[in-house]
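Before any comments, here is the structure.
The values are calculated or read from the model by the stated rules, or taken from the named source; none is laboratory data. What you see is a predicted model, and the numbers here were worked out from it, not measured in a lab. FYI the Cβ positions are ideal-geometry reconstructions off the backbone, even for glycines, and counts take in every protein chain you see.
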Amino acid sequence: MTGLDDLTRDYRAAFLRYLPRREEAPLHHGYEIGRTAFIDGLSMLELARVHHEVFLEVLRDVSSEDLPKVATAASEFFLEVLATYDMAQRGFHERA
């Protein structure tokens with residue numbers, strides 16, 4: 001992955017695959033996206049911005065009755081993307 005454009009493209013594709021059935025494979029891809037972003041030096045704020053942009057795109061086509069389900073899925077997916085950052089932060093605090 002190189003840069004925010006690739007991150008956004010990959011994030012969008014994985015998130016859209018996760019939404020219909022909320023299966024493990026696309027969720028794991030979200031984890032891998034976060035891991036790669038961390039290794040590439042992208043910040044958590046950049047990830048949050050990408051998540052927000054993709055989530056807003058998805059919300060444009062969501063009915064009000066599906067909104068809670070989509071919002072929950074978005075939260076689950078984003079937390080998985082952030083898992084590497086969380087593990088790194090915990091490791092840093094344990095060493096301090």
Members of region 61-96 that are of a type in the set (D, E, K, R) and in a helix (DSSP H, G or I): LYS69, GLU76, GLU80, ASP86, ARG90, GLU94, ARG95
Scan of region 1-14 for residues that are over 10 Å from the mean Cα position of the chain (by Cα) and assigned to a helix (DSSP H, G or I), ordered by number: GLY3, LEU4, ASP5, ASP6, ARG9, ALA13
Residue check, TYR31 assigned to a helix (DSSP H, G or I) and touching a residue at least 60 places away in the same chain (Cβ under 8 Å): no
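Given the options VAL58, VAL54, name the one that is in contact with a Leu (Cβ under 9 Å, 6 or more places away or on another chain), of a type in the set (A, V, I, L, M, F, W, C), farther than 26 Å from ALA88 by Cβ and not in a loop (DSSP other than H, G, I, E, B).
Working: VAL54 fails: farther than 26 Å from ALA88 by Cβ.
It is VAL58.
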Top-ranked residue of region 65-94 - restricted to ones that are modelled with pLDDT under 95 and among the charged types (D, E, K, R), ranked as surrounded by the fewest Cβ atoms within 10 Å (Cβ to Cβ): GLU94
Meets criteria (crowded, with 19+ Cβ neighbours inside 10 Å and modelled with pLDDT of 95 or more) for LEU16: no
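Answer yes or no as to whether PHE77 is within 10 Å of the chain's Cα centre (by Cα), of a type outside the set (Ser, Thr, Tyr) and under 20 Å from ASP5 (Cα atoms). Explain how you work it out, then say what you get.
Working: within 10 Å of the chain's Cα centre (by Cα): yes; of a type outside the set (Ser, Thr, Tyr): yes; under 20 Å from ASP5 (Cα atoms): yes.
For PHE77, the condition - within 10 Å of the chain's Cα centre (by Cα), of a type outside the set (Ser, Thr, Tyr) and under 20 Å from ASP5 (Cα atoms) - is met.
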Those residues of region 15-66 which are within 12 Å of VAL81 (Cα to Cα), under 11 Å from the mean Cα position of the chain (by Cα) and of a type in the set (Ser, Thr, Tyr), in sequence order: TYR31
